[in-house]
1. Hey, how many Å between the Cα centroid of the stretch A:260-279 and the Cα centroid of the stretch B:1-80?
2. Summarise the partner chain shielding of B:25-37 as one whole number: the mean count of Cβ atoms from other chains within 10 Å of each residue's Cβ.
3. Rounded to the nearest 0.05, what FRET efficiency do A:ALA142 and B:ALA5 have when you use their Cβ-Cβ distance and R0 = 51 Å?
4. Could you work out the mean count of beta carbons from other protein chains within 10 Å of each residue's beta carbon in B:53-66?
5. What net charge do the residues around A:SER185 carry, taking every other residue with its C-beta under 11 Å from that of A:SER185, with Lys and Arg at +1 and Asp and Glu at -1?
6. With just the Cα atoms of the stretch B:19-130, tell me how far they stretch along each of the three principal axes, in Å, largest first.
7. Could you check what % of the DSSP bridge pairs in the stretch A:108-218 are antiparallel, to the nearest 5?
8. By how many nm would the segment from A:SER159 to A:SER119 grow when fully extended, if each residue of separation counts as 0.36 nm and the alpha-carbon distance is taken off?
Amino acid sequence: MDTEPPQGDDLQRMLVPMKRHVLEHATPRRSRRGRTTGIALGIVGVLLLGATGGGVALGLIPTSFTGQAQAPAPSDTPEQLPSEAPSGAPVSDEPTPVLTPTSTPTPTPTSTRPPYSLSDPSTWTISGTEVGPVALGGQLDAETDDLRGVLSDEFSSCSNPRASFWAGKGTLLTIITGADGRIESLSVRGLAETTDRPPTTAAGIGPGSTVAELRAAYPDLRRSSTSDPDPAVTDDPYGGLTTTVDGSFVTFSTRGPDFPVDEVWVSTVDDAPPTEYCN
Amino acid sequence: MDEDAVDDVTLLLRTTAGDRDALAHLFDRYAPVLTRVAWVFAATPDEARGIVQDTFGALWDRADSLQLATASLLPWLLATCRDVAQRTVGRVPAGGAPLRWVRGTVDAMSADDRSLCERCVVDGRPYADAARDLGLTVAAVGSRGARPVQRPRKAVMRDGH
């Protein structure tokens with residue numbers, strides 16, 4: 001903002017709810033123990049592979065992208081996934097890389113959306129394979145050449161060469177590539193300074209959606225590995241609520257149960273975004 | 001004990017052990033300056049709030065593995081604030097702009113801390129890399145759940161001295 005930041009009483013009034021928020025969330029549940037536990041469980045599960053359907057275990061272990069998506073852990077019950085569709089008609093003649101899940105295939109998506117407009121990110125669909133014109137598994141340059149003129153990476157000043165930030169039209173798209181240069185994760189956020197809306201899933205969920213809307217659209221949501229591991233906490237999505245779409249993790253993050261979704265994370269590798277990309 | 005007189009490393013060690021009061025004191029100490037930096041990155045006050053809150057969230061989450069190059073936590077917090085802003089609002093102005101509302105605070109820092117802030121916040125260098133650039137050695141502060149027997153006497157080390 002170009003305006004001068006608040007001072008004195010105005011600043012203190014601003015800080016009070018911020019401090020309360022910070023302390024409310026300063027509990028052991030946001031430690032790495034959840035992820036560690038998940039990994040440990042995954043290792044145990046691998047040892048049981050072959051005996052009792054070890055696909056569950058495979059999904060719990062973060063793995064490097066190898067050209068094919070590693071299937072995220074399926075839930076214990078059959079998933080009732082909303083119909084996730086690619087973003088309508090592709091705008092490029094180039095074939096879009098399609099990720100092939102290694103275990104139970106998800107239902108064949110049926111598009112209920114009109115073809116998207118490249119210049120309008122609000123028409124892009126977040127699926128398990130792509131966000132609008134950007135496909136998971138594709139090479140960064142090939143997937144982002146269409147973005148220029150719509151989103152800009154001019155403010156992307158991250159020292160991590162595997163992370164790039166594309167902003168514009170109410171959308172912040174973060175692209176994470178693997179060591180081979182292929183895109184393995186995408187993050188979608190909204191930008192506050194515009195009324196333009198960011199992309200959403202086929203179910204209409206995106207940054208700005210309420211937790212109630214999210215739960216209604218995805219009844220199979222489970223907590224991500226970075227969420228509260230305490231089973232007594234039943235409705236705190238802080239850290240992300242995850243589902244599986246097209247064989248990829250699709251995770252919705254909020255600042256708390258009373259806050260809207262602020263990030264949608266799609267990844268073939270991790271079920272939640274990292275705490276930082278650059279530092 | 002007058003908490004205002006407690007140094008950052010002690011508060012960080014207590015935070016590492018899960019002491020929320022220590023986190024609260026670090027918030028009181030540094031949230032105002034972080035808010036003024038976040039204000040530059042943000043398009044709205046809500047965005048600025050979110051950046052600062054997520055910065056302290058990262059502090060809480062990562063306290064047990066945090067490595068400091070100096071006795072002040074502020075350079076690390078500012079570097080993290082910048083990173084949070086980059087990932088959440090995608091907008092980090094280049095040049096000296098990010099520090100324009102905290103110039104007095106930065107100028108009052110030690111030379112090492114000032115250089116760390118400039119390199120991390122203005123140049124976008126990761127904290128550890130910026131410390132190495134300056135010939136500083138980063139040192140682990142402690143492990144969550146294990147109170148250290150002896151606090152490091154000196155957190156600032158240059159060229160191993």
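1. 22 Å
2. 3
3. My answer for the efficiency is 0.35.
4. Partner-chain Cβ atoms within 10 Å, mean over residues of B:53-66: 5.
5. -1
6. Each principal axis gives a Cα extent; for the stretch B:19-130 these are 34, 32, 24 Å.
7. 85 percent
8. Working it through step by step, the gained length comes to 11.6 nm.
Each reported figure results from applying straightforward, stated rules to the coordinates on display, with no laboratory input. Since this is a predicted model, take the numbers as computed values, not measurements. Glycine also receives a Cβ, built like all others from the backbone with ideal geometry; neighbour counts cover every protein chain displayed.
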